[in-house]
Structures are given as structure tokens and as C-alpha cells.
Amino acid sequence: MRKAERAALILQRLAELYPTTPIPLDHCDAFTLLVAVVLSAQCTDKKVNEVTPALFAAGPTPAAMAALSEETILGHIRQLGLARTKARNVRRLAQLLLERHGGEVPCSFEALEALPGVGHKTASVVMAQAFGVPAFPVDTHIHRLAQRWGLSDGRSVEQTERDLKRLFPREAWNALHLQIIFYGREHCTARGCDGRGCGLCRELYPGRRQPVVWRKP
């Protein structure tokens with residue numbers, strides 16, 4: 001099966017499995033989504049969702065968050081990895097939203113990536129899910145499955161993003177990146193499937209004998 005045929009099959013099967021794509025991080029607007037994604041670095045969405053209700057109650061807006069001390073923010077998120085750095089970044093990005101953007105989350109990759117704690121993946125999530133701008137954020141699940149399914153060679157996250165954007169229609173990106181994450185968590189896990197075990201892997205590569213060795217970015 002050629003790469004384009006594999007991509008078409010993946011698109012079809014994931015749309016069947018996941019006709020709706022709820023955002024895994026709990027939020028109520030662009031600001032709380034931005035903060036939640038910043039907090040999710042090297043941490044599970046489930047753990048982030050456990051701490052954000054109290055944090056967002058204390059700092060629901062950039063102005064309210066900026067008014068909190070770093071220690072107060074840290075107290076809310078202490079159980080997350082890299083908590084002190086994240087507390088500093090969250091407070092400072094709230095301040096910069098007030099100083100540079102009138103208290104609004106900017107709808108711009110460049111402006112978002114200029115905020116502390118916001119890299120390209122975080123900016124892509126916000127652009128896609130808060131503003132509906134086509135983007136393809138690549139997390140560990142997507143990077144792993146893109147290699148496992150022969151869609152990218154796994155050289156880097158940046159290369160995986162470029163390859164996936166070439167293979168899939170632009171209008172599918174925002175839903176598809178979540179569908180791949182859901183599938184990677186539920187069916188084609190790092191330890192539960194080696195490229196031969198789950199239904200989609202078997203359909204893509206019938207009779208595959210050798211496991212796929214995932215090359216970390």
C-alpha cells in the first residue's frame with residue numbers, strides 16, 4: 001500500500017472511530033486553554049485537569065492571573081512536573097498578554113511563540129482549537145504513530161509535522177491531530193502495539209512480521 005493510500009485509510013478509519021473530537025484539556029476560553037497547554041508539558045492531560053479548576057477559579061483572566069503571586073500559582077500546580085518553571089511562565093505570560101495584547105490571547109503563531117513557555121506545539125494547539133486555524137500539533141503519540149504507520153521517518157517532530165501536512169488535507173488537520181492522539185492512547189499504545197497488534201496497524205500492513213522500532217525525537 002502506497003503512503004497516500006495509507007493516509008487515506010487512516011483518515012477514514014479515524015473519522016469512523018472518532019466522529020467528534022473533544023479537546024482533552026478542560027478550559028473555557030482561549031486564555032484558559034493556553035494556560036492548560038503550557039501546564040501539560042511533560043505531564044498528562046488528566047493530571048492537568050485535576051489542578052486547573054482551582055487555578056482558573058483564582059485566575060480566570062490574564063489580569064486576575066497576573067495579580068497572583070508566583071508562589072500562589074505554584075501552590076495550585078505543585079503536583080505537576082516542572083511546577084516552579086510553569087508557575088513563573090504562567091504569571092509572566094499573563095502579564096505580557098496585558099502589556100502587549102490588551103489582555104487578549106493573540107491569534108498569531110509569532111505572537112504566541114513569543115510568550116514564555118509557549119513553543120510551536122503549544123501555539124499550534126491554541127491556533128487550531130481556540131481560533132480554528134488549520135494546524136497540526138505533533139505530540140509524542142502523533143510522532144510515534146506517524147513513524148509506525150510509515151507516514152514519516154521519525155527524524156524529528158518538525159519533519160513529522162511537515163510530512164503529515166503534505167499527506168492530509170488542510171481542512172482535516174485540526175480534528176485529525178486529536179483523532180491520532182485518541183487512537184494512540186486507546187488502541188496503538190507504545191507498549192501495547194508494536195506495529196502489528198492493533199486493528200489499524202493490521203489493516204495497513206497485513207502480514208507484517210517485524211515490529212516497528214520507534215525512534216524517539
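What follows is calculated from the coordinates using simple rules that are stated; it is not laboratory data. Owing to the predicted nature of the structure, the values given are computational and were not obtained by experimental measurement. Glycine also receives a Cβ, built like all others from the backbone with ideal geometry; neighbour counts cover every protein chain displayed.
The number of residues in segment 86-108 that are surrounded by 15 or more Cβ atoms within 10 Å (Cβ to Cβ) and assigned to a helix (DSSP H, G or I) comes to 14. So, in segment 129-152, of the ones that are over 26 Å from CYS193 (Cβ atoms) and aliphatic (A, V, I, L, M), which residue ends up farthest from the chain's Cα centre (by Cα)? Residue satisfying both the conditions and the ranking: VAL133. Residues in segment 75-85 that are touching a residue at least 12 places away in the same chain (Cβ under 8 Å) and crowded, with 18+ Cβ neighbours inside 10 Å: how many? Residues that pass the stated criteria total 3. Evaluating GLU71 against the criteria (1) more than 18 Å from LEU25 (Cα to Cα); (2) of a type in the set (D, E, K, R); (3) within 22 Å of the chain's Cα centre (by Cα) leaves one unmet condition, (3). For segment 109-118, residues that are surrounded by 15 or more Cβ atoms within 10 Å (Cβ to Cβ) and assigned to a loop (DSSP other than H, G, I, E, B) total 4. Counting the residues of segment 8-58 that are surrounded by 21 or more Cβ atoms within 10 Å (Cβ to Cβ) and farther than 20 Å from VAL125 by Cβ gives 1.
Number of residues in segment 135-166 that are of a type outside the set (Val, Ile, Thr) and surrounded by fewer than 19 Cβ atoms within 10 Å (Cβ to Cβ) equals 11.
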